[in-house]
Amino acid sequence: MFDNLSDKLDKAFHVLKGHGQITEVNVAETLKEVRRALLDADVNFKTAKEFTNTVKEKALGQDVLTTLKPGQLMVKLVKDELIELMGGEAAGVDLSGSPSVILMAGLQGSGKTTFSGKLANFLKTKKTKKPLLVACDVYRPAAIDQLHVVGDQIGVEVFSDKGNSDPVAIAKAGIEHAKANGHNVVIVDTAGRLAVDEEMMNEISNIHTAITPNETLFVVDSMTGQDAVNTAKAFNDVLDFNGVILTKLDGDTRGGAALSIKSVVNKPIKFIGTGEKMDAIDVFYPSRMADRILGMGDVVSLVERAQEQYDEEEARKLHKKIAKNQFGFDDFLSQIQQIKKMGSMKDLLGMIPGAGKALKGMDIDDDAFKGVEAIIHSMTPSERSNPSLLNGSRKKRIAKGSGTSIQEVNQLLKQFNQMSKMMKMMQGGGGRKMMQMMQG
Ligand code: GDP
């Protein structure tokens, strides 16, 4: 996400390295690079200009006695301004209606149907809501089927009426169906076109008027850069939507849409889509995104994801096993499964401060654990629970069975032993001992 922009901003800050204080000259030089970085990321020209002007004013107005070095100060000012640019605080979704109605709008292919599913899944699991998905794309039967597939996948009911060619009537009937069946959120997926056209705008505007949604969310593909901003403007003129959903941020996007949309349409980005799977949805937090852009990682989101996967009962069992020295490869395997549930490897690593930069250009395989899993699967149950059984010939057999090498098996054993040792130390009130060990 935003690798190029992060890189270029980093280079811009380097201009100030070694400078003892902020001067008009070094600020101008740095901000020239910052502006170039923003333009390269496809940020709207006017937005980029305003951005650097604001940072310049703030930088030159700083008290020279500040304890921050010029480079650090500039990073802070740019970060504050990025947060501001992306909307400041995170914006919520209005779920107050009974049912609460959420209307999706956007071009075809922007990710509306996928996001409708993700949102339904998100509301169901995080907010314990009972959503209903309503299929209002009357032009493409495949779109209706797609929503049904999504609904089945996440266990959410889908309302559709294939013979009906009136999207307004379907939307209304969907809401009635929700009322009659105890659904407290209705998500209305609509038809898009490949480009903005009058017919589509009329249709979405008619649905909007007829159902008066609590929330109208505009879905846009972040990969389309400035086009995304222009489309947002066109939709906003007609719909006056409440928020923006930026999809496909997992791709090779330059980031311009995320940075310009708020300043152009003055509507907050509410969620982002980071993959094709139903759990690839994140609430949009401007400050966390700014941290990511500046290569500072996003530890808060990482911890939250870990907490979501944390199962107290499992943790208790694990503690017992560790205390009794019974931690085996099956437990190791289930730990790996938990990590995998947190999201794609690349995504997770990108949340660690500095890691994004260090890993840049590296092909992070989502199956990073594949070899490890294959090795463990090639062990017998008794070997898994009692790794000390693993002698030379057994290791040879396992390497062969898993399509790996003896070295890889040994490597895994070494890691496993280290991990077991560490866990044991942490258990025995040895937090302090471990700190000492880590500090050498
Ligand atoms: P719609 O025409 O607006 O309903 O768009 P779809 O929901 O059918 O999405 C179009 C394509 O984009 C599909 O292939 C989706 O799997 C894909 N897609 C949607 N959201 C994301 C996302 O956040 N990341 C990625 N990588 N693909 C996405």
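All of the numbers you see were taken from the coordinates with simple rules; none came from a lab. Computed from a predicted structure; not experimentally measured. Every residue, glycine as well, gets a Cβ built from its backbone with ideal geometry; the counts of neighbours run over all protein chains shown.
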Within 10 Å of each candidate Cβ there may be at most 16 other Cβ atoms; applying that plus a DSSP loop requirement, which trypsin sites (Lys or Arg not before Pro) in segment 1-46 survive? LYS17
D for the chain, whole µm²/s, Stokes-Einstein with Kirkwood Rh over alpha-carbon pairs at 20 °C and 1.002 mPa s: what number? 86
In which sequence would MET379, MET201 go, from the one with the fewest C-beta neighbours within 10 Å to the one with the most? MET201, MET379
Antiparallel %, DSSP beta bridges [both residues in the chain], to 5: 10
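Among the listed pairs LYS17/LYS76; LYS400/LYS421; LYS277/LYS340; LYS79/LYS340; LYS49/LYS267; LYS127/LYS262, which are separated by more than 22 Å between their Cα atoms?
Exceeds cut-off: LYS400/LYS421; LYS79/LYS340; LYS127/LYS262.
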If unit charges are put on Cβ atoms (+1 for Lys and Arg, -1 for Asp and Glu) and the dipole of the chain is taken about its Cα centre, the option from MET278, LEU217, PRO387 lying farthest towards the positive end turns out to be PRO387
So which of LYS112/LYS270; LYS324/LYS396; LYS46/LYS248 end up more than 18 Å apart, counting from Cα to Cα? LYS324/LYS396; LYS46/LYS248
If packing is taken as the average count of other Cβ atoms within 10 Å, what order do 173-179, 21-27 fall into, highest mean first? 173-179, 21-27
Ascending count of other beta-carbon atoms within 10 Å, so fewest first, for THR247, THR30, THR128, THR404: THR128, THR404, THR30, THR247
Ordered by fewest other Cβ atoms within 10 Å, a rough proxy for footprinting exposure, SER260, SER378 read SER378, SER260
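Under a Cβ-only charge scheme (Lys and Arg +1, Asp and Glu -1), can you give me the dipole magnitude of the chain about the Cα centre, in debye to the nearest 20? Please report the intermediate quantities before stating the final value.
Details: 57 positive and 56 negative charges, 483 e Å.
Around 2320 debye, computed over the chain.
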Qualifying GluC sites (Glu not before Pro) in segment 196-277, DSSP loop, other Cβ atoms within 10 Å at most 14: GLU276
Treating each Cα of segment 260-343 as an identical point scatterer and ignoring solvent, apply the Debye formula and state log10 I(q)/I(0) at q = 0.14, 0.15, 0.21 Å⁻¹. -0.67, -0.73, -1.06
First measure r as the distance between the Cβ atoms of ASN206 and ASP94, then evaluate 1/(1 + (r/R0)^6) with R0 = 30 Å and state the FRET efficiency to the nearest 0.05. 0.90
Once Rh is set to the Kirkwood radius over Cα pairs, what Stokes-Einstein translational diffusion coefficient, in µm²/s, holds for segment 1-153 at a temperature of 25 °C and a viscosity of 0.890 mPa s? 128
Segment 3-85: percent of C-alpha pairs farther apart than 20 Å? 23
